[in-house]
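*Asks:* The structure that follows is given in the form of structure tokens.
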Amino acid sequence: MSESKAIVVGNNPNHPPEPLAVAPTPPHFINQIVNGDCLTVLPQLAARSVDFVLTDPPYIAHYRDRSDRTVANDDRAGWLTPAFAEIFRVLKPDRFCVSFYGWSQVDKFFAAWRAAGFRAVGHLVWPKRYASAHRFLDYCHEQAYLLVKGNPAVPATTIPDVLGWRYTGNRLHPTQKPVPSLKPLIETFTESGDIVLDPLCYGQHKGSSVALSVMWPASSSEPLFVTAPVSCAT
């Protein structure tokens, strides 16, 4: 598909010129794992080429689990605003983005989301039967915001804003998210054939990333979990 003349979204300097045309995701990015800096990898994706973003970025919380494992790039915030500007650019108009976030840094996350052009339309909570940390409270939930680019239609079937959580044991990562708890989001905010991107999945080592994304093929009635272009911000 050829791209039309670019336009500037508002007067926001965080917005690069965005083409009017909706471009397909390059085939060489589908069913691939990409390790690297998201600020290097995401610009390789065409604007308006992704149908849904579901991401679990570092919480900027200096997290350390019971086994003394840490999260790469969880001690800095310089990647946050430029990364979400790129996420907004690659997302198609009138589409959704679900982003987990660190509650203690919610001001930084909201500043980045708004600077990119996102608007919050809902808040999701997953109660847990265990505490991730014990300080002034026992911290027993995960949370994410439902963000929109433009004005998407209301889904045909809606889901509650409090969802079930299935403990993974965090065997693969200190903040591992359970796929069954994320599946309702994909089923609600995508259609058959859509491409779902997690652009901020992070690995155990600084500067590395392995991401799980989802493509829901037109020939399937169930989402097919595949790897796709994602990367870790450094």
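*Asks:* Roughly what % antiparallel, to the nearest 5, for the DSSP beta bridges in the stretch 47-198? Let's see the in-between values first.
*Replies:* Details: 17 of 25 bridges.
Here the share of antiparallel DSSP bridges comes out near 70 percent.
*Asks:* What's the local net charge at residue 98, with K and R +1, D and E -1, over the other residues with C-beta under 14 Å away?
*Replies:* Spelling it out: positives minus negatives among the neighbours equals -2.
*Asks:* Take 50, 106 and order them by how many other Cβ atoms sit within 10 Å, fewest up front. Don't skip to the end; give the middle numbers.
*Replies:* Values: 50 26, 106 13.
The fewest-first ordering by Cβ neighbours comes to 106, 50.
*Asks:* Show me the GluC sites (Glu not before Pro) within the stretch 116-191 that DSSP assigns to loop and that have at most 15 other Cβ atoms within 10 Å of their Cβ.
*Replies:* When the GluC sites (Glu not before Pro) of the stretch 116-191 are filtered for loop state and at most 15 Cβ neighbours within 10 Å, 191 remain.
*Asks:* Assign one of three labels to the stretch 43-161, namely rounded, prolate or oblate, based on the Cα gyration tensor with a ≥ b ≥ c the square roots of its eigenvalues; rounded applies when a/c is under 1.5, prolate when it is not and a/b is larger than b/c, and oblate otherwise. Write out the running numbers ahead of the final one.
*Replies:* Working: a/c = 2.32, a/b = 1.44, b/c = 1.62.
Verdict is oblate for the stretch 43-161.
*Asks:* Give me the percent relative contact order of the stretch 84-184, please, defined on Cα pairs under 8 angstrom at least 6 residues apart. Provide the component values of the computation, followed by the final result.
*Replies:* On the way: 140 pairs, mean separation 31.5, N = 101.
Reported relative contact order: 31 percent.
*Asks:* Once the other residues with Cβ under 13 Å from the Cβ of residue 156 are scored (Lys, Arg +1; Asp, Glu -1), what is the net sum?
*Replies:* Around residue 156, the surrounding residues sum to -2.
No lab work stands behind these numbers, since they all come straight from the coordinates. Everything quoted here is computed from the prediction, not taken from an experiment. Quick reminder, even Gly has a Cβ in these numbers, built from the backbone with ideal geometry, and neighbours come from all protein chains shown.
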